[in-house]
Amino acid sequence: MENYVKNTLQIHEEILFEPKLHWAVYFDIYFSAAFFYVIFCQCINAYISKASVFVGFFENSLKVIAVLFALRLIYQFVRNYSIQMAVTNYRVVYKIGLFNIQTDELANDRIESVSVRQSILGRLLNYGDIHFSGTGTAKVIFKKIYAPWWIKSQIEDIISQTVVHRRENPYIYRQDLYLRHDDER
């Protein structure tokens, strides 16, 4: 799978930080796999012991449930595999999807606040969501990130350094626009 963030980097833009998903994100996959295994065993058991009058109905319904859970298992795996998050020196990027791609991006100098939201289980297992609020209604959310408070402090340092550097050297960033525009001709 191609890396969306690396393919969309601008001139002088570099990836500074890539948050990782917490293992709790895969809980749905573990649960689906365990449930699929139980249903599969029941199907085999019903097929071997044809003692009941309702064996045909029970066997067919278990097959349908097993297929649905197998599809859910595949969907969750592909969905979690396709999530990409990154903080660059210009922006914050969240991408999800393999075929239908949804991206949320927010420029570092447009970020107004960074907040962390954790549930009780998230506090115990050290994961949570990081919300970036920008000017207007712009928002980017990194969901179920490992060590969200530490990552929040790292991201705030990166954002503050980027904003200060842009304010001190505005000509460099304007020049990048002209260079990029000239390269297209």
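The values are calculated or read from the model by the stated rules, or taken from the named source; none is laboratory data. All figures in this text were calculated on a predicted structure; none of them were measured in a lab. Here the Cβ positions follow ideal geometry from the backbone for every residue, glycine too, while neighbour counts run over all protein chains shown.
Here are some notes:
- Cross-chain or 6+ apart pairs with Cβ under 7 Å, the stretch 140-152 first and touching a residue at least 40 places away in the same chain (Cβ under 8 Å) and closer than 20 Å to ALA107 by Cα, then of a type outside the set (Ser, Thr, Tyr) and assigned to a loop (DSSP other than H, G, I, E, B): PHE142/PRO19; ILE151/PRO19
Residue-by-condition table, conditions (1) part of a helix (DSSP H, G or I); (2) surrounded by 12 or more Cβ atoms within 10 Å (Cβ to Cβ); (3) at pLDDT below 85; (4) not β-branched (Val, Ile, Thr):
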site: VAL114; (1), (2), (3), (4): no, yes, no, no
site: VAL140; (1), (2), (3), (4): no, yes, no, no
site: LYS143; (1), (2), (3), (4): no, yes, no, yes
site: TYR173; (1), (2), (3), (4): yes, yes, yes, yes
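- All positions within the stretch 92-112 that are among the aromatic types (Phe, Trp, Tyr) and modelled with pLDDT of 90 or more: TYR94
- Residues in the stretch 1-43 that are farther than 15 Å from PHE77 by Cα, of a type in the set (A, V, I, L, M) and not in a helix (DSSP H, G or I): LEU9, ILE11, ILE15, LEU16.
- Residues within the stretch 92-106 that are part of a strand (DSSP E or B) and touching a residue at least 60 places away in the same chain (Cβ under 8 Å), tallied: 4
- LEU71 being modelled with pLDDT of 80 or more and touching a helix residue (DSSP H, G or I) at 6+ places or on another chain (Cβ under 8 Å): no
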